[in-house]
Each structure stands twice: as structure tokens, then as C-alpha cells.
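One structure is given here, and the rest of the page talks about it.
Read-outs throughout are calculated quantities, based only on the coordinates presented, and are distinct from any laboratory measurement. For clarity, every value in this text was computed on a predicted model and none was experimentally measured. Cβ placement follows ideal geometry from the backbone for every residue including glycine, while neighbour counts extend to all protein chains displayed.
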Amino acid sequence: MPTGMPMRRAMVRIMALTMVMCIITMIITTITIMAVTTTITLIITVTPMLMITGSNRGEDAGAISPEPEGLSETAALYRLMTWLSPSFPVGAFSWSSGIEWAVEAGDINSAITLQDWLAAMLGDGAGFCDGVFLANAHRAVLSSDAPALDEVAELAAAFVPSRERHLETMAQGRAFMEIARAAWGHERLEQVTCKRAIAYPVAVGIVSAAHGIPLALTLHAFLHALVSNWISAGARLIPLGQTDSQRVLAALEPVVVATGQRAIHASLDDLGSATFRADLASLRHETQYTRLFRS
């Protein structure tokens, strides 16, 4: 008896271990089968989806931009923010539109005087006139009216009060058109023909219309970019701090909105300017002894 009992206990332990191993093996086998089945199901489901997605990407790869009628508001804002950004290479940072002479003459010497000067330029001077040119160029492109576009371009080039201001708007207009065609090409843009040299606001109107961007968005974005560049010039010349510059920009928001609303409904017969001191500044800047800006 003493010899038989240990043997029986050993046999019981071996049988118990064998049963545990069998159960573990069955569990592992079941999990493996389930994993393989799931993987096969995913492959069967996902592969057609990838083929469809890849096919769509291939079809759209050669497209530069959607048709104007299908342009979303998000895409319109993206393009406007790009084209009218200070980083868009039209050289806007090198022009002051006569502000440099006004600072030297003492007309502009603080944030308040800069704000007053720019409010007049926006509502009664170059800002309003450029807005009218942009709006009429935009409409001419949408209606495929080449003679009307030529008329707008010719008048915009002749409407500037000085040689430097003429160079400013024409150089930026030329650069804007060249870069837009090279980097943001569109079939409709290539169809636009204009026999005249193109000023900056006319160029913005042409490109935005060709891309199907609404006039109201374009006009307000353009006026914002215009006044922002003027403030940047004033901040470097006076000088002003960044916070004061932002205060001026915030204070001019109602003027920008009002000017845009007037310009969008104006015809070429409504053009007019009453900013004689600003026009004089752009003339006198040509003979200013020390200059940082080209206008």
C-alpha cells in the first residue's frame, strides 16, 4: 500500500495536466480561426474601397481647380487668403502709397493720425477707386465682356495720380497675373483676354472671377489686404508697435466694410477721389531725399 499510493497520485496529476493542456490548445485554436476569418473579411471589404478611392484620385490628379460654379466657400477663402497674403510675391511690402512722405512732413506721427489718413484714403481715395475697378473687372470676366474689361483696365491705369503710384499698381498687377497663371492656373483664366496692361485691382478681379469666387468676398478681402499693407508701412515709418497697429486695423473695420459696400454697387461713372493731400504725398515722394519705399 505505501508503495502504490504515490504512483496513483502521480497518475492523477499527469491526467489533470493533460486535460489542462488540451483545453488551452482548444482555446488557442479557436482564437486563431476567429482572427484569420476576421482578416479575410477585412481584406475582402477594404480592397474594393481602396481600388475605388485610388481610381478617383487618379481621375482628379490632373485637375488644377474645379469649375467656378462648384467652388466651395472654404476653397474660395483659402485662395483669397493665399493671393492677398503678405507672402504672395507681388512686392506689396516695398510700396507705401505716399505714406512715407506724409510721415516725414509730419502729417502722420501717431496711431490716431495714421488711422485718420487711412480712413480718408479708403473711403474717399484710392481704396474706393480700386474697389470699383475690381468689381467692374470681376463682372466683365463673368459676362465674358472683353471690351468692358479693356475699358476698366485702361481707366485703372490712367486713374493714378503720380508716376510712382502708377508703377506701384501696374507692377503688382503684372506680378499677380503671372504668379496666378503659373501656380493657380484655371481654364477660364486662360480664356480671359485683355489688350491693356493690368493694374493690381483689375488683376485681382480677373483671377477671382475666373476661379468663381464671389465678388463680395473678393472685394472685402482685397480692401483688408490693402489697408493692412498701408498700416505695415506706417508702423515701420512712425514707428508703431504691433499692438497699436492692430488697434488701427480694428478701428478701420467699419470703413473697410462701408467702402466695400459702396464699391460693389458703383459703376465707372461713380469714380472719384478727394484725397488731395495723399495725392500730393505720392507726387512729392518722387523727390524725397531719404526713402525706404518705392512710393
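Both radii are taken from the alpha-carbon atoms of the range 132-177; with Rh as the Kirkwood radius, Rg/Rh is 1.00. Expressed in units of 2.2 N^0.38 Å, where N is the residue count, the Cα radius of gyration of the range 96-166 is 1.39. Centre-to-centre separation between the Cα atoms of the range 110-140 and those of the range 214-240: 10 Å. Each residue of the range 216-295 gets 120 Å³ once the volume of the Cα convex hull is shared out per residue.
Based on the reciprocal of the average 1/r between different C-alpha atoms, the Kirkwood radius for the range 133-239 equals 14.2 Å.
A Förster radius of 41 Å combined with the Cβ-Cβ distance from residue 284 to residue 72 puts the calculated FRET efficiency at roughly 0.30.
Label sites at residue 267 and residue 250, each approximated as a point 7 angstrom past Cα along Cα to Cβ, lie 4.1 nm apart.
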